[in-house]
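Computed from the coordinates by the stated procedures, all read-outs in this text should not be read as laboratory data. Since the model is a prediction, treat every value here as computed from it, not as a measurement. Don't worry about glycine lacking a Cβ; one is built from the backbone with ideal geometry, like all the others, and counts go over all protein chains shown.
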Amino acid sequence: MKAIPIRTTLSVCPVCMDVLDAAVVEKAGGVYLEKECRRHGVFSVRICDRPAAYRELSDFYFYFVPQALPQREYYLNATTRCSLNCPICYLRYCDTIEELPLDRVREAARIKKIKRFTFSHGEATDCGRLFEMIRILKQAGKIVNLHTNALKIADVRYAGELKASGIDHVSVQFDGFNEDVCRSVRGGDFLKTKLEALENLNRMSVPVTLNATISKGVNEPEIGKIFDYALSAPYIKDLSFITYSYYEPARTNSDKYIMPHELIKHLEAHTDGKISEEAVIAFQKLFYAYMSVTEKRKCFYYFHFMVVRCGRGYRPINEFIDLKKVSRDLSGLKAEKKKLSYARFIWFLILSLTPRAIMLIPAGLGTFLRGGYPRKPGKFLSITFASICDPYKFDARIAENCGQGIITGTRVHDSYGAYLMEQMKKADNRRENCVC
Ligand SMILES: [Zn+2]
């Protein structure tokens, strides 16, 4: 079957990391990113198994979301040290930093356009001055998040100091309840320790995100279990399913590759269709529209959904917002080649609310006004199905609107995805590992 073009972009050769012309095409019932390096041949990576949905969302994203919006959210690279040595980690290909100087944190805190920092790209709890860094950022009025393996937070005294430093939110790496999975993905069984850390965060009323890395044939059955667990724990505000990515020059683990649409299907099956792929795609259009009017950067491959906790159960967001209607309204605007204003977005949203939505106004308005960042989670659980850049599926047009920048010891980078590709390019140990 002949490939049907969807759009063109730039990517990299996964072996030599040279920049290459690339094409997103539909063929054989899937969507592929294709590119050719003169030295290392053709690379064709399947990025979606739902061509119609992909095309619809891609057209929508590139119509409504302006390119290269200003970046307002940054990772802060406190250290690249880590107490774990996860087999799937890419940090071995990145510059090392022992400890970010406090003056660098003070400089970062003075940048007015940045509203939110996340300690990431290394295990920040292995940095001795983490609490001082958080205090500096909080004194400057920033929202501060921490990505962590959470091992230290299992210590109740450490958890208390973290809370006292002013942290707003903690994202805990949590790949499921299966000990074998934990060993193969993280190099050890840390389930008990992580559950203790989560309990400490719960007791201290620190809002939490669970970040689960999902690999095909490894931990897909955990998706449903993690969802049920998060639903029953109101201090968990987000659930983020991130696809496994591979960084090696040789595709030793390509059988584990999975993309966001497949993650959605797993949750659809687990919930017997209560969370449907159709609703997730419609909600994603609303989310792109929200990004467009608020000028927030976000990756095309970060699909979001939301459920509302009700009693012992939940209702999906499409019971409160008529997503089909709002999707039709937005598509109509696109068909007429009109732009979306903030006022029109709000109007579309109001017209799409169902009678049941009245009960959500108090909690929903606060969350909306804080950019999706409630002081006290509880009512809403947001679910993300996402994929981050790796040398095989790197798409420069999407990376232009990467949802995170990164501040390292020497530079401020506006796209974390592009930063990772730069790091791979200069990594000698990556080329040495090449068996091609
Ligand atoms: Zn090459």
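Descriptive notes on the structure:
- Theoretical ellipticity at 222 nm over the chain - DSSP helices of four or more residues, -39500 (n - 2.57) apiece, nearest 500: -10500 deg cm²/dmol
- Residue exposure sequence - LEU420, LEU91, LEU57 - by fewest surrounding Cβ within 10 Å: LEU91, LEU57, LEU420
- Here the extension length gained between LYS274 and ASP189 equals 27.3 nm, from 0.36 nm per residue of separation less the Cα-Cα distance.
- Measuring between their Cα centroids, the stretch 52-113 and the stretch 151-191 lie 20 Å from each other.
- Residues GLU99, GLU161, GLU336, GLU123, ranked from the fewest to the most other C-beta atoms within 10 Å, line up as GLU336, GLU161, GLU99, GLU123.
- Dipole of the stretch 239-337 computed with +1 at Lys/Arg Cβ and -1 at Asp/Glu Cβ about the Cα centre; of ILE321, ALA250, CYS299, farthest Cα towards the positive end is ILE321.
- For LYS152, a cut-off of 28 angstrom between C-alpha atoms picks up these lysines, skipping any fewer than 8 places away in its own chain: LYS115, LYS138, LYS142, LYS163, LYS192, LYS194, LYS225, LYS237, LYS376.
- Residue order, fewest to most surrounding Cβ atoms within 10 angstrom, among PHE394, PHE43: PHE43, PHE394
- Only the Cβ atoms of Lys and Arg (+1) and of Asp and Glu (-1) were treated as charged; on that basis the dipole of the stretch 70-207 about its Cα centre amounts to roughly 700 debye.
- Selection from TYR63, ALA108, LEU76, by position along the positive dipole direction of the stretch 38-135 (Cβ): TYR63
- As a size descriptor, the averaged projected area of the C-alpha convex hull of the chain was calculated at 20.4 nm².
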